[in-house]
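Structure first, then comments.
The values are calculated or read from the model by the stated rules, or taken from the named source; none is laboratory data. Quick caveat: nothing in here was measured; it's all calculated off a predicted structure. Cβ placement follows ideal geometry from the backbone for every residue including glycine, while neighbour counts extend to all protein chains displayed.
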Amino acid sequence: MGCELSVAPEIGMAATDPDRVRLMWLAALVEGVNTALGHGTGDISVVQRIEAVAWIGSPDFDDVCGFIGIEPSVVLMQIETLREAGLPFEVEVWR
């Protein structure tokens, strides 16, 4: 697993508004998880990492997963596996 969010070219500018909103929430999830794991983009402060760790598993985290249409418990299991392996969180977006 790598650290990038890949979006199929077919989605691009022709995406419907719900698709774009879903992709926005997906990007927020990926960045939040990677920040918590220490793999976020840019310089990550200790405070940002602590806040990201606290966010994982919170009601807001559950809401974001719901907006995307994925089960929070599945994401939490994936995060634990990645944390143990020292790897970043990656999501592939398929049409």
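See the values below:
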| item | result |
| --- | --- |
| Tally, over the range 52-79, of residues that are closer than 13 Å to LEU37 by Cβ and in a helix (DSSP H, G or I) | 7 |
| Only listed residue being surrounded by fewer than 17 Cβ atoms within 10 Å (Cβ to Cβ) and touching a residue at least 24 places away in the same chain (Cβ under 8 Å), chosen from GLY57, GLY69 | GLY69 |
| Tally of residues being within 11 Å of GLU90 (Cα to Cα), without any contact (Cβ under 8 Å) to a residue 60 or more places away in the chain and crowded, with 19+ Cβ neighbours inside 10 Å across the range 20-38 | 2 |
| Single residue of the range 80-92 satisfying the filter (on the phi < 0 side of the Ramachandran plot and part of a loop (DSSP other than H, G, I, E, B)) that is surrounded by the most Cβ atoms within 10 Å (Cβ to Cβ) | PHE89 |
| Test result for VAL47, exposed (fewer than 12 other Cβ atoms within 10 Å of the Cβ), assigned to a helix (DSSP H, G or I) and of a type in the set (A, V, I, L, M) | yes |
| Any hit, the range 4-15, residues being at pLDDT below 85, part of a helix (DSSP H, G or I) and more than 28 Å from GLY86 (Cβ to Cβ) | no |
